[in-house]
Amino acid sequence: MALDAVEALPDRFRKPAREVILRVEELAERDMLDDLRIDDPFQLTGLYDGVPLTQKSSMDQPFGPDVIWLFRRAILDEWVERGEVEIFALVSHVVVHEFAHHFGWSDDDIAVIDRWWE
């Protein structure tokens with residue numbers, strides 16, 4: 001579903017989005033949660049780990065690939081809790097939200113791509 005969400009991005013974002021690693025884990029690890037000051041692992045459905053394209057420079061030394069983490073059990077928990085949302089729509093929403101960090105999108109940019117709140 002996450003790969004399908006990437007393929008559904010507008011053309012100009014699809015190719016650079018394919019260069020970001022997608023990792024799916026059951027839940028966020030404790031060190032991630034501690035860094036974000038989150039106690040409950042079910043509160044974190046996704047996480048962007050990298051330097052946004054708007055802040056990258058050709059002079060920067062790369063620290064590693066950009067990664068989007070998706071936390072399966074947290075996403076499923078939210079899906080069950082919401083009840084009326086299709087699972088693909090929720091996964092797509094999380095993926096788009098994390099890519100927003102990667103691309104440096106504003107809330108208005110996100111709203112054009114992700115009609116989640118309508």
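The values are calculated or read from the model by the stated rules, or taken from the named source; none is laboratory data. Since the structure is predicted, the reported quantities are computational estimates derived from the model, not experimental observations. Here Cβ is always computed from backbone atoms with ideal geometry, including for glycine, and neighbour counts include all displayed protein chains. Each accessible area value is taken on the protein alone, full model and side chains, heavy atoms only, with ligands, DNA and RNA left out. Shrake-Rupley method; radii C 1.70, N 1.55, O 1.52, S 1.80 Å.
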- If you roll a 1.4 Å probe over the chain with all protein chains in place, what percent of the accessible area is carbon or sulfur? 51
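To the nearest 500 deg cm²/dmol, what mean residue ellipticity at 222 nm is calculated for the chain from DSSP H runs of n ≥ 4 alone, each contributing -39,500 (n - 2.57), summed and divided by the residues?
Values: 6 runs with 56 residues, N = 118.
Helices in the chain give a 222 nm mean residue ellipticity of -13500 deg cm²/dmol.
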- Note on segment 2-48: alpha-carbon gyration tensor, axes a ≥ b ≥ c; rule is a/c under 1.5 for rounded, else prolate if a/b larger than b/c, else oblate; result prolate
- Query: Which distance in nm do the two modelled labels at residue 56 and residue 111 give, with both placed 7 Å along the Cα-to-Cβ direction?
  - Reply: 2.8
- Task: Report Rg (one decimal) and Dmax (nearest whole number) for segment 62-108, counting Cα atoms only, units Å.
- Result: 12.8, 42
- Return the long-range amide H neighbours of residue 66 (sequence gap of 5 or more, or a different chain), with a cut-off of under 5 Å between placed amide H atoms. 21
- Note on the structure: Amide H contacts under 5 Å for residue 46, restricted to residues at least 5 apart in sequence or on another chain and with H modeled in the peptide plane, are 71
- Which whole-Hz ³J(HN,Hα) couplings does segment 77-88 yield from phi under the Karplus relation 6.51 cos²θ - 1.76 cosθ + 1.60, θ = phi - 60°, glycine and proline marked x? 4, 5, 4, 5, 4, 6, x, 9, 9, 6, 4, 4
